[in-house]
Structures are given as C-alpha cells and as structure tokens.
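Each reported figure results from applying straightforward, stated rules to the coordinates on display, with no laboratory input. Note that this is a predicted model, so its numbers are computed, not measured. Here Cβ is always computed from backbone atoms with ideal geometry, including for glycine, and neighbour counts include all displayed protein chains.
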Amino acid sequence: MQVTETKVDGLKHAFKVVVPADVIASKVTDKIKSIGETATIPGFRKGKAPEN
C-alpha cells in the first residue's frame, strides 16, 4: 500500500492511497467466506450459500 500526502491549503491535506488489486481481492474473498458461514438465504441450507 502506498500513501501520498499533499498539503492543499492551510490545515487542509489531501491523501492518495494506492492498494494493489490482489490485496483487495483476497480481503473480499475472506469476508465473503466468513459471512457465508452464517448467512441464511432462502433455498439454501445455513452456511451452504454459494459465493457468487
């Protein structure tokens, strides 16, 4: 992750944050799996919901 800070005016600051796509994808996949274990979706057994 890369963070760049620039001073805009007075006390105002702007930040540019660059996060690689693979880091985001892995976090999303982990979160989907953890939610899927407890989700109740009609037509599926509890914890057996598809990831898509």
Completion exercise
Given backbone amide H placed at 1.01 Å from N, residues whose amide H is under 5 Å from that of Ala39, ignoring those fewer than 5 places away on the same chain, are Gly47
Problem - Listed values [x] 1.10; [y] 1.92; [z] 1.27, entry calculated as Cα Rg over 2.2 N^0.38 Å - result: [y]
Handout entry: Furthest towards positive pole of dipole, Val8, Gly43, Val23, structure part the chain, Cβ charges
Key = Gly43
Handout entry: Over the chain: helical MRE at 222 nm, DSSP H runs n ≥ 4 each giving -39500 (n - 2.57), nearest 500
Key = -10000 deg cm²/dmol
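In debye, nearest 20: dipole of the chain around its Cα centre with unit charges on the Cβ of K, R (+) and D, E (-)?
200 debye
Lys27 to Val3: extension gain in nm, 0.36 nm per residue of separation minus the Cα-Cα distance? Kindly include the intermediate steps, with their values, before the conclusion.
Values: separation 24, 0.36 × 24 = 8.64 nm, distance 1.89 nm.
Full extension of this stretch gives 6.8 nm more.
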Handout entry: Degrees between helix 21-36 axis and first principal axis of the chain (Cα, 0 to 90, nearest 10)
Key = 40 degrees
